[in-house]
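The values are calculated or read from the model by the stated rules, or taken from the named source; none is laboratory data. What you are looking at is a predicted structure, and each value in this text was computed from that prediction instead of being measured. With ideal geometry, Cβ positions are generated from the backbone for all residues, glycine too; neighbour counts draw on all protein chains shown. Ligands, DNA and RNA are excluded from the accessible area calculation, which covers all protein heavy atoms including side chains. Shrake-Rupley method; radii C 1.70, N 1.55, O 1.52, S 1.80 Å.
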Amino acid sequence: MDFPFYDAPNTAAIICCHIIDDGKPVLYVSHDEDDGMWQFLCGSAHETAEARLVSLKEVFDLDPSVGDLKDMPCGYCAERKTENDNWIVKKR
Ligand SMILES: [Zn+2]
């Protein structure tokens, strides 16, 4: 499968431990305004210690549906209720 993001596959991204360690679905994605960092979270509240640094490619391999958000600009976030719902993108 082609890697859809404009960022390089080895771009650093944040993912929460619930997704990478516990297999929870990605339900919240943020593309940060200040540094362009992508964050992939399970939807609950998080402590800093629950964040893991991975590559954008690792996230995409884990859940290719995040590729739908490749056009989401910095300063926006996307949410969905379950992994089967469509992403709802909004300005932060
Ligand atoms: Zn989480």
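Among the residues making up region 36-69, those that are of a type outside the set (A, V, I, L, M), within 10 Å of the chain's Cα centre (by Cα) and part of a loop (DSSP other than H, G, I, E, B) are Cys42, Asp63.
Within region 24-34, the presence of at least one residue that is within 12 Å of the chain's Cα centre (by Cα), surrounded by 13 or more Cβ atoms within 10 Å (Cβ to Cβ), within 11 Å of the ligand (Cβ to nearest atom) and hydrophobic (A, V, I, L, M, F, W, C) is confirmed.
Considering the conditions (1) more than 16 Å from the ligand (Cβ to nearest atom); (2) open to solvent by 40 Å² or more (accessible area, probe 1.4 Å), Phe60 is excluded by exactly one of them, (2).
Report yes if Ala8 is within 13 Å of the ligand (Cβ to nearest atom), of a type in the set (A, V, I, L, M, F, W, C), farther than 20 Å from Lys81 by Cα and open to solvent by less than 60 Å² (accessible area, probe 1.4 Å), otherwise no. Here the answer is no, as Ala8 does not meet what is asked.
A Cβ distance below 6 Å, combined with a sequence gap of six or more or placement on separate chains, defines the contacts here; from region 72-92, residues that are touching a residue at least 60 places away in the same chain (Cβ under 8 Å) reach residues that are surrounded by 10 or more Cβ atoms within 10 Å (Cβ to Cβ) in the pairs Arg92/Gly75; Arg92/Cys77.
Residues satisfying the criterion are present in region 38-50 (criterion: over 16 Å from Val89 (Cα atoms), among the hydroxyl-bearing types (Ser, Thr, Tyr) and touching a helix residue (DSSP H, G or I) at 6+ places or on another chain (Cβ under 8 Å)).
For region 35-57, a residue qualifies if it is in contact (Cβ under 8 Å) with a residue 12 or more places away in the chain, away from the ligand (no atom under 16 Å from the Cβ) and open to solvent by 50 Å² or more (accessible area, probe 1.4 Å), and exactly one does: Lys57.
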